[in-house]
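Chemist: Shown below is the structure under consideration.
The values are calculated or read from the model by the stated rules, or taken from the named source; none is laboratory data. Since we're looking at a predicted model, the values are computed, not measured. Cβ atoms come from the backbone with ideal geometry, glycine included; neighbour counts cover every protein chain shown.
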Amino acid sequence: MDDPAHLPFFAPHLYIPAGVKSIDFYLQAFSAIELRRFLNDDGSYHVSELTIGGRLFHLHEINVTKGQLDPMSAGGTTVAIGLFVEDVDRVVSAAIQAGADLLSPARDYDYGYRQAMIRDPFGHQWLLEMQI
């Protein structure tokens, strides 16, 4: 996992809507490991700290008073999350089975990457990629 003793490192916070009670998509699609969770009184997620391939990221309940929006309520996103994997086709298949929408099927590009684009159940776009 990313070690805070080795600063700086990048740990994105992905905003999710209020009331989310399952983050299983990330566990099933990307083999994410949940390190810690902070739940609201109703059992919904406030924060989940996860890793994918040892790299830290967070899911965080939106706070509209701070201008935080999840992609679904914002009507889009301003960023795609690039995730390098060993087998793009396998991860795309797992992501779709876990609830992702396929935005762009896997294909090889002349710049030496195989890439596909998916949208997770909360509207975040993931560019799944590998060097070929």
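The rows are residues; the columns are (1) of a type in the set (Gly, Ala, Ser); (2) modelled with pLDDT under 95.
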site	(1), (2)
61	no, no
78	no, yes
86	no, no
93	yes, no
118	no, no
121	no, no
126	no, no
129	no, no
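Chemist: Another question, then. Of 99, 43, which residue is touching a residue at least 60 places away in the same chain (Cβ under 8 Å) and not hydrophobic (A, V, I, L, M, F, W, C)? Outline the logic, then answer.
Modeler: Working: 43 fails: touching a residue at least 60 places away in the same chain (Cβ under 8 Å).
Answer to the selection: 99.
Chemist: Quick test of your reading of the structure: residue 20 fulfils all but one of (1) touching a residue at least 60 places away in the same chain (Cβ under 8 Å); (2) not in a loop (DSSP other than H, G, I, E, B). Name the failing condition by number.
Modeler: (2)
Chemist: Across the stretch 25-40, which residue is farthest from residue 93 (Cα to Cα) among those that are touching a residue at least 12 places away in the same chain (Cβ under 8 Å) and surrounded by fewer than 13 Cβ atoms within 10 Å (Cβ to Cβ)?
Modeler: If we take residues in the stretch 25-40 being touching a residue at least 12 places away in the same chain (Cβ under 8 Å) and surrounded by fewer than 13 Cβ atoms within 10 Å (Cβ to Cβ), then 36 is farthest from residue 93 (Cα to Cα).
Chemist: So which of 48, 104 ends up being modelled with pLDDT of 95 or more, polar (S, T, N, Q) and within 23 Å of residue 24 (Cβ to Cβ)?
Modeler: Selected residue: 48, the only one of 48, 104 that is modelled with pLDDT of 95 or more, polar (S, T, N, Q) and within 23 Å of residue 24 (Cβ to Cβ).
Each row is one residue, and each column tells you yes or no for (1) within 16 Å of residue 13 (Cβ to Cβ); (2) modelled with pLDDT of 95 or more; (3) in a strand (DSSP E or B).
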| residue | (1), (2), (3) |
| --- | --- |
| 36 | yes, yes, yes |
| 41 | no, yes, no |
| 58 | yes, yes, yes |
| 69 | yes, no, no |
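Chemist: Please specify each residue of the stretch 71-105 satisfying the condition of being of a type in the set (A, V, I, L, M) and either more than 15 Å from residue 128 (Cα to Cα) or assigned to a helix (DSSP H, G or I) (or both). Walk me through how you get there before you give the answer.
Modeler: Taking the stretch 71-105 and keeping what is of a type in the set (A, V, I, L, M), we get 72, 74, 79-81, 83, 85, 88, 91-92, 94-96, 98, 100, 102-103.
If the condition is that a residue be of a type in the set (A, V, I, L, M) and either more than 15 Å from residue 128 (Cα to Cα) or assigned to a helix (DSSP H, G or I) (or both), then 72, 74, 88, 91, 92, 94, 95, 96, 98 are the ones that fit.
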